[in-house]
Amino acid sequence: MGDWVIGALINIVGSVAINFGTNLLKLGHDQREKLSAINNSEGNDKFVPKSVMHFQTWRIGILFFAAGNCLNFMSFAYAAQSLLAALGSIQFVSNIAFAYFVLNKTISVKVMVATTFIVFGNIFLVSFGNHQSPVYTPEQLIAKYSNLVFVLYCMSLVFVVAFNHYLYRSGETIISNSSKDAGTYWRTMLPFSYAVVSGAIGSCSVLFAKSLSNTLRLTMSSRYEFHSWFTYSIVLLFLCTAGFWMARLNEGLSLFDAILIVPMFQIAWTFFSICTGFVYFQEYQVFDTLRIIMFVLGMTFVFLGISLLAPDDSKAADTKDASSATEESVIDMDRNGKMHMEETQADGSNSFVTSVKVKAKRVLLKAKSACSMSLGLGEESISASSVLAMPMVSSRTTGFRGNDRSKYVPLRTTDWSNL
């Protein structure tokens, strides 16, 4: 049995564990809300709900979630990045199985069709993907950064990010100053450009994770010293790109309707993760015409299945009231933060140092909020937030409801827009 088989199996188990853990996190939140609702209905005004960490279901979920991420990290040392990035979609199948057998949910025909596409897509990806699993030395990894093809890819990635960011900012301006018809068109373009920027940068964390996993494997099998400037540089880059992805993921779920942003996030993350692995590790060298066609076909099946799993408009509308309340609180919080920043800047006579400190504090608070939501610690939580496997995402905070044009405009006071 080749190393790539071991890596694929470890990755599948890890993805299933991540999904199982995040479903348990969701159950923990549901149990907490149910307990609060029971006490409120009984007129117990003095009841103070416990933190979600006191619920055993939530604690078990955290263990599965952490174990799944560790397994996914290990898997990158044994198999190609392009193969493992695509295999992460297997958690959508496990999520459906969990909903049917544990939560007793009814599975619709649309979901079954989507699952079939994902399963067949993964079969094509595993059968015709890259089955090599070389171990690279740090010198070889460093040399790959100067490879002409990778340099050109990075330049094109910078262009894609810059163009889509410009598109996003232009769309904000157009929507705020134009009619409803223009807003309807940008209703799709805004989340698309947001997801592309997030996926293009955030998926680089997979590249750095694979490099770290490769270095650890090399350390365990030889006398290579793990402590080096290259290792710490990769760790820093991994934390930066992973943090960016986590923050954008959580923010995107609060800015846009889940029916749009969820499949866009998932497709962008998977696509750029596969492309980066293809180019950096030169995985394309082992592909002939047949394997390229079948691999692309498998990716198409997976993306089509993910798109079919997008939530229905009727279901999404159920969270409109909660969404409005959450948006108002976020806007108020951002306004207060902005007023505080302006006061601070005035007192400091527009000092550059003061401005940097204020902005750094806001970014740190945002990062803390993103991490809390990712682990299910906040009031609003997502179903999964692994940086090594594209999460099966759901959100209670969704925008773009109804026909009010203001709903089509993202929160313009968001921190990322001010950076």
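The values are calculated or read from the model by the stated rules, or taken from the named source; none is laboratory data. Quick caveat: nothing in here was measured; it's all calculated off a predicted structure. Don't worry about glycine lacking a Cβ; one is built from the backbone with ideal geometry, like all the others, and counts go over all protein chains shown. When the accessible area is computed, the model is the full protein with side chains, heavy atoms only, and any ligands, DNA or RNA have been set aside. Shrake-Rupley method; radii C 1.70, N 1.55, O 1.52, S 1.80 Å.
Ordering of 196-206, 297-307 by packing is 196-206, 297-307, highest average first (other Cβ atoms within 10 Å, averaged per residue).
I'd like to compare 25-32, 135-142: which one has the highest average count of other Cβ atoms within 10 Å, and what's the full order after that?
Ranked by mean Cβ neighbours within 10 Å, highest first: 25-32, 135-142.
Among the trypsin sites (Lys or Arg not before Pro) in the stretch 45-111, those located in a DSSP loop and surrounded by at most 12 other Cβ atoms within 10 Å of their own Cβ are K46, K50, K105. On the beta carbon distance between S176 and T137, with R0 = 56 Å, the FRET formula returns roughly 0.60. Across the stretch 1-87, the relative contact order, built from alpha-carbon pairs under 8 Å that are at least six residues apart, equals 53 percent.
For the cross-link pairs K50/K105; K34/K105; K26/K105; K110/K210, the ones whose C-alpha atoms lie over 24 Å apart are K50/K105; K110/K210.
So what is the accessible area of the stretch 133-282 per residue, in Å², with the probe set to 1.4 Å? Before the final figure, lay out each step's value.
On the way: 6340 Å² over 150 residues.
Result: 42 Å² per residue.
The apolar share of the surface of the stretch 133-282, taken as the fraction of accessible area on carbon and sulfur atoms (1.4 Å probe, ligands and nucleic acids excluded), comes to 73 percent. Using C-alpha pairs below 8 Å separated by at least 6 residues, the relative contact order for the stretch 133-282 is 33 percent.
Label positions at L297 and A67, each projected 7 Å from the Cα along the C-beta direction, are separated by 3.8 nm. Extension gain for the segment L290 to F101, taken as residue separation times 0.36 nm less the Cα-Cα distance, is 64.2 nm to one decimal.
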